[in-house]
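Note sheet for the following structure.
Any read-out appearing in this document is the output of simple, stated calculations on the displayed coordinates, not a laboratory observation. Source: prediction; values computed, not measured. Ideal geometry is used to build each Cβ from the backbone, glycine not excepted, and the neighbour counts take in all protein chains shown.
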Amino acid sequence: MIRLTEAKDRVGNEMRTVAEAARLAARGPGRERDLLVQSLKAAAAALLAWTVADEWLGDPMALMAPWVAVVLVQATVYSSLRQAAQQFAAICVGTLLASAAQVLTGNTLAALALSIPVLMLLANWRRFGDQGIYATTTALFTLASETVTTSAISHRVAQAALGAVIGVAVNALILPPVHLRDVRENLAALAQETGDVLADIAEDLRHGDLDVSTAAHWSRASARLARRLEGLRAARGWSQESLRLTADSLKAFHRVPLDVPAADEDERWSRITGHVAALIRALVVSVDGERTADPPDGTALHSYARLLALLAENCHRESRRLLEPGARRDDADPDDSDRDDSDAYGTDRRAEATMRELHETLQSSLRDHAGLGAPRAAVLGTLLLQAENIWAETDSRARPLARDASHG
């Protein structure tokens, strides 16, 4: 009964996920709509290839054209061209080797036994990329058709070429895919989740929730940030590849703005997440009963929680900024000292004053902790250092906290 309930819950979750994806696709541009467009383009490429091969040309091997076309509507035009070349080469190899094995043995089973092991090894050749398996499947189709003639071979290869041309053409000419939006969305999501993690830690510290289970939760949050960062790097790679052969057509279609956050932003958020990870490691060590380091006292933890909450607001503000096309970190006027309201591109003056006040309080606590032993002082010093680093990275107008403290 319990398993049945779990199965129902999983099915319900999947259905809700599908419904949410459909709603997002209908609402406006985004990843869900991109997937919908690519799926419809693949279906259209297959139908067009079948129509040309079967209805117009009357080719007996018409199945090959839509089979090839449907898999070549790829994530980028460049990858479509690259995979078209790899797939066509694999199909030619599979067709020729299977046909040669059939001619040599005169028996379908013997031809399979002779050709398939060799083709499976060739499928792993890096030159074929992930298209090598098509050499084996083409060989199976060739031998299963029991039509191994020069005419059949030429028809099969010709239809593969036709499908490749149609698949690449549909992908390149009809709403060519571009992944600039993915970079912006991944950056914004990374900033948002970084802020969420800092806010959660601040809440735990404020309530004194320092135990093994809380530390495990923090460690999982750090792992999520690492995965987010990997997703950002993957999106950056797709973005760069998507513009290699489609920039001109994009300018003509005006599908999405051609501006994208600079790669420096990726590095900046890589540093920020690294500082958060270091902060979490220090906290995890401090709550481990088998370690010599102890967490800071309650007053220091409360002040540090407030500091993390302000840093979380910085990250959330950055997330909103990153979703604005054309926004830059230096859009704020550093000389505009008369503004007291919150600036979308920097921390407002009151928050900055609070931040500096908390930093001075923690610096004083650090001196007090030094008298309680090196391990406790080391934990608070590490936490304070990482907070300073996050502050410097998330606010372009901020002066270093440590420098101010040293002068104060």
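Roughly what percent of Cα-Cα pairs across segment 2-97 reach past 22 Å? If you can, show how the numbers build up before the last one.
Values: 2395 of 4560 pairs.
When all Cα pairs of segment 2-97 are counted, 53 percent exceed 22 Å.
Ranked by the mean number of other Cβ atoms within 10 Å of their residues, highest first, the peptides 54-63, 377-386, 127-136, 11-20 fall in the order 377-386, 127-136, 54-63, 11-20.
Backbone geometry of segment 300-317 corresponds, through the Karplus equation with coefficients 6.51, -1.76 and 1.60 at θ = phi - 60°, to 3J(HN,Hα) couplings of 5, 5, 5, 5, 5, 4, 5, 5, 5, 4, 5, 5, 4, 4, 4, 5, 5, 5 Hz, x marking Gly and Pro. Once backbone amide H atoms are built at 1.01 Å from N, ALA62 has no partners under 5 Å, excluding neighbours fewer than 5 places away on the same chain.
Using the average count of surrounding beta-carbon atoms within 10 Å as a protection proxy, the listed peptides 4-10, 102-108 rank, highest first, as 102-108, 4-10.
Projection of the Cα convex hull of segment 38-161, averaged over all directions and equal to a quarter of that hull's surface, yields 7.3 nm².
As a rough guide to protection, the peptides 218-229, 197-208 ranked by mean Cβ packing within 10 Å, highest first, stand as 197-208, 218-229. Relative contact order of segment 71-228: 28 percent, from C-alpha pairs under 8 Å at least 6 residues apart in sequence.
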